[in-house]
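Below is one structure; the comments refer to it alone.
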Amino acid sequence: MTLQMDGSLLPSASVTHQRFARDVFAGLGAPQKTLSPKWLYDRAGSLLFDSICELPEYYVTRAELSIVQRRRREIAAAWGARVRMVEPGAGSGTKTRLFLGELGALRCSSYVPMDIAREHLAQTTSRMRAELPWLRIVPVCADFTAELPLPPSDEDSCNVIYFPGSTIGNLDPPDAEHLLLRFGVAAGPRGVVVLGVDMKKEPATIHAAYNDASGVTAAFNKNVLVRMNRELEGDIDVDAFDHYAFYEPTIGRIEMHLVSRKRQTISVAGRKFSFVEGESIRTECSYKYDLVTVERLAHKAGLSLVNAWLDEQRRVAVVELRPV
């Protein structure tokens, strides 16, 4: 990790490549082949996810955006006179712009967008600097699930760790607890952790959100195979895998898979991995919550659930957590 002239923190491309290769080897070598969802988000994957957020079936972004649009003043009121917003997994920062506009130059000391997709992060940073010229933006290209490197801040600022989009659901409960613990440490004793949470609801609504009629989610899922071919010298026939996603209501999670259509052997960075017909790579799990579960998870991470705001249909919540 190196500090740039503008204060941004960037890892070397070789470090990212090594981590990607290591995770692919470990994941494809496991009895249930898996890939971490973080590797879905290269430049192309990030753009595809932006398209997913606009799909009629994908309610999550619209529901959470409606909460922020209606309640941002109330949500931000308790953050204090000076705020530094830190956004792990920043993506396009759509909802964050509303909070930054609400805070304004007098209250917002800086904004720290953090994302694993370097090119997408650079584009988001450039666009936000043009839209909000008064704002000090310090981008950090990092895998927030492995590290949370933060540049120095104004000691008088309240650290707001903003984690929208229900991304917390992509982590198994022990990993989610560990991440919230690190968020709490990064926020500090006077800080705040603000999460977007996808709530439990009828399975058909959740299932449709991950199986859109236009096939954008399928393209997003299969893009990780394209990335492996490009970055790890793979020889994968992308069309030999199908997108498959299903909701398991007993444990409250979506699973997203890439299913092999035939018996085949693929090569990635010189290593070979065999598949039988119907064998899958699990690329994402997405847990759905209720407020009792959120409160229990927060408590284990040393945080207290202080406030919760839900959209009118109670599909999504924005919750405020503070260190106990």
| Of everything in region 119-153 that's open to solvent by 60 Å² or more (accessible area, probe 1.4 Å) and either assigned to a loop (DSSP other than H, G, I, E, B) or in contact with a helix residue (DSSP H, G or I) (Cβ under 8 Å, 6 or more places away or on another chain) (or both), which residue is nearest to residue 82 (Cα to Cα)? | 136
| Can you tell me which of 194, 185, 160 is under 15 Å from the mean Cα position of the chain (by Cα), hydrophobic (A, V, I, L, M, F, W, C) and more than 20 Å from residue 37 (Cβ to Cβ)? | 194
| note | Quick count over region 202-230, residues being in a loop (DSSP other than H, G, I, E, B) and not small (Gly, Ala, Ser), is 4
| task | Return the total of residues in region 49-84 being part of a helix (DSSP H, G or I), within 14 Å of the chain's Cα centre (by Cα) and among the hydrophobic types (A, V, I, L, M, F, W, C). | result | 3
| query | Any idea which of 281, 251 is under 19 Å from residue 217 (Cβ atoms) and out of contact with any Phe, Trp or Tyr (no Cβ under 7 Å at 6 or more places or on another chain)? | reply | 281
| query | How many of the residues making up region 280-324 are in a loop (DSSP other than H, G, I, E, B) and free of Cβ contacts under 8 Å to residues at least 60 places away in the same chain? | reply | 1
| task | Go through region 222-251 residue by residue and tally those that are under 23 Å from the mean Cα position of the chain (by Cα) and crowded, with 19+ Cβ neighbours inside 10 Å. | result | 8
| Name the residues in region 155-165 that are modelled with pLDDT under 95 and either closer than 20 Å to residue 309 by Cβ or surrounded by fewer than 18 Cβ atoms within 10 Å (Cβ to Cβ) (or both), would you? | 155, 156, 158, 164, 165
| What residue, among those in region 252-279 that are of a type outside the set (Asp, Glu) and in a loop (DSSP other than H, G, I, E, B), is least open to solvent (accessible area, probe 1.4 Å)? | 252
| Considering only region 99-118, how many residues are closer than 25 Å to residue 179 by Cβ and open to solvent by 50 Å² or more (accessible area, probe 1.4 Å)? | 1
| request: Could you grab me the full set of residues in region 166-201 that are assigned to a helix (DSSP H, G or I), within 30 Å of residue 155 (Cα to Cα) and open to solvent by 30 Å² or more (accessible area, probe 1.4 Å)? | output: 167, 175, 177, 178, 181, 182, 185
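The values are calculated or read from the model by the stated rules, or taken from the named source; none is laboratory data. Everything numeric here is computed off the predicted structure, so don't read it as measured data. Ideal geometry is used to build each Cβ from the backbone, glycine not excepted, and the neighbour counts take in all protein chains shown. Accessible surface areas use protein heavy atoms only, side chains included; no ligands, DNA or RNA. Shrake-Rupley method; radii C 1.70, N 1.55, O 1.52, S 1.80 Å.
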